[in-house]
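Reading through the structure tokens given below for one structure.
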Amino acid sequence: MNTPKFDIAVIGAGMAGLICAQELQKAGYSVVVLEKSRGVGGRMATRRVSGSRADHGVRYLEPTGTFLQQLIHNLKTKKNSPDAEPILQLWTDKIYQLTQPQGLPLPIPKNCYVAPQGMNSVGKFLAQDLEIWYSRRVQTMQPLAEKNWYLKLEVTNNAATEKPTEVMAKAVVLAIPTPQALMILEKPVAEIHPEFLSHLRFVEYDPCISVMAGYSLALQENLPEWRAIAFPNDDYLDWVGIDSSKRTYPTQPVFVIQSSAKFATTHLDTPDLQPVGKQLLEHTAQHLLPWLSAPEWLQVHPWGYAFCRQPLDVSCLTTELPLPLVGAGDWCGGNNIEGAFASGLAAANWLSHILQ
Ligand SMILES: Cc1cc2nc3c(=O)[nH]c(=O)nc-3n(C[C@H](O)[C@H](O)[C@H](O)COP(=O)(O)OP(=O)(O)OC[C@H]3O[C@@H](n4cnc5c(N)ncnc54)[C@H](O)[C@@H]3O)c2cc1C
């Protein structure tokens, strides 16, 4: 079979990659999105467990910047299917912050939007009409003499292999965290502009461990009036949210607990994360609600590259040597969803200009 050829290959179907791919496709380019996991959204992630949903990545969207304001405005009326509820809706103003272990949580004003079907439904919306190859991890990329990048893909998740395992493109977008980008660029390292690589090496991330826990429906009546608490100074915790309060029809109380960077750094490489999740839950129970220590089910997800510590001072990272290559994501400009959106857009604009 001949290697499929596209104008642009976008690596990563998180916010940055999806926005970039959409813009380039609208501009008339042929685009393929290569994604190592089974779904879209990247860290804007939702897991289905025991008939419930849990957002173990992005907690909510806030209309603080121009791009999210517009996205939220659109998604308040859009649906992913005709009989579904709107993709985004206002969640709560009952978010608190606990600055001292023995203190009282203080309310913090927030204008939070959440997706009743799970935060990954935002990704699903943005992915509409895009050509996405799931369960394809880009392993290496090399410039060919005929002015095309050649990308070698690994099949992940034991997925059926009806999609190819190689692709060619005139330009490539790396819409993934920088350590993952460096893994791909390792092989042709001598041919990539050294400044491009040194910028990638400069970026650092904090990890996070997310715990999802589901409880007996009988405890629904015992839920507190707060919806989430942030812990800016805790050694263990960063965030505790009543995730089931985001759902229109919750089937049981579900909590999502996100660890501090310090806790995650200590435990991330533990082979069995289940006891680590239990430890985080015990700590939460001691602070907030004793019954939290006895869930019906518990799942743990490690995020190796959760939060970019210090993003680069550019909206995207570009080079034309040896061929057009652009890096985008929350490591360019702003270390959040708004930053990833703006960076994906900037990458698309740069490529449109270069490829014209
Ligand atoms: C626990 C947690 C909570 C957060 N809460 C918030 C919040 O409330 N508000 C906020 O604004 N931000 C929040 N963030 C940060 C936010 O999630 C990120 O800033 C944003 O999602 C980054 O988007 P991105 O497109 O740059 O990267 P990602 O979302 O990381 O997307 C990258 C994609 O690339 C794929 N990929 C990686 N390597 C390869 C490869 N070799 N081949 C193919 N595919 C690959 C990945 O599977 C992923 O889908 C949170 C993050 C975490 C982890």
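Of note:
- Residue in the range 206-215 that is modelled with pLDDT of 95 or more, assigned by TED's automatic domain parsing to the domain that holds Ser260 and not in a strand (DSSP E or B) present: yes
- Condition check for Asp243: within 16 Å of the ligand (Cβ to nearest atom) and assigned by TED's automatic domain parsing to the domain that holds Ala84: yes
- Close Cβ contacts (under 7 Å, 6 or more residues apart or on different chains) running from residues in the range 90-109 that are in the same structural domain as Trp239 (by TED's automatic domain parsing) and more than 17 Å from Arg59 (Cα to Cα) to residues that are of a type in the set (A, V, I, L, M) and at pLDDT 75 or above comprise Leu98/Ile229; Pro105/Leu98; Pro105/Ile229.
- Residues satisfying the stated conditions in the range 58-86, i.e. within 16 Å of the ligand (Cβ to nearest atom) and buried (at least 16 other Cβ atoms within 10 Å of the Cβ): Val58, Arg59, Tyr60, Leu61, Glu62, Pro63, Gly65, Phe67, Leu68, Leu71, Ile72, Leu75
- The one condition from (1) assigned to a loop (DSSP other than H, G, I, E, B); (2) under 23 Å from Gln97 (Cβ atoms); (3) of a type in the set (S, T, N, Q) that Gln252 does not meet is (2).
- Ile87 meets the conditions (1) of a type in the set (A, V, I, L, M, F, W, C); (2) assigned by TED's automatic domain parsing to the domain that holds Val172; (3) assigned to a loop (DSSP other than H, G, I, E, B) in every case but one. The failed one is (2).
- Number of residues in the range 17-57 that are surrounded by fewer than 23 Cβ atoms within 10 Å (Cβ to Cβ), under 18 Å from His301 (Cβ atoms) and among the hydrophobic types (A, V, I, L, M, F, W, C): the value is 2.
- Within the option set Phe231, Phe255, being under 23 Å from Arg43 (Cβ atoms), within 15 Å of the ligand (Cβ to nearest atom) and under 20 Å from the mean Cα position of the chain (by Cα) holds for one residue only, Phe255.
- The residues in the range 309-356 that are among the polar types (S, T, N, Q), over 19 Å from Leu182 (Cβ atoms) and within 10 Å of the ligand (Cβ to nearest atom) can be counted, and the count is 1.
- Test: residue in the range 25-37 that is of a type in the set (Phe, Trp, Tyr), part of a loop (DSSP other than H, G, I, E, B), at pLDDT 95 or above and more than 17 Å from the chain's Cα centre (by Cα): yes
The values are calculated or read from the model by the stated rules, or taken from the named source; none is laboratory data. Keep in mind it's a predicted model, so treat the numbers as computed, not measured. When we count neighbours, we look across all protein chains shown, and the Cβ atoms used for this are built from the backbone with ideal geometry, even at glycine.
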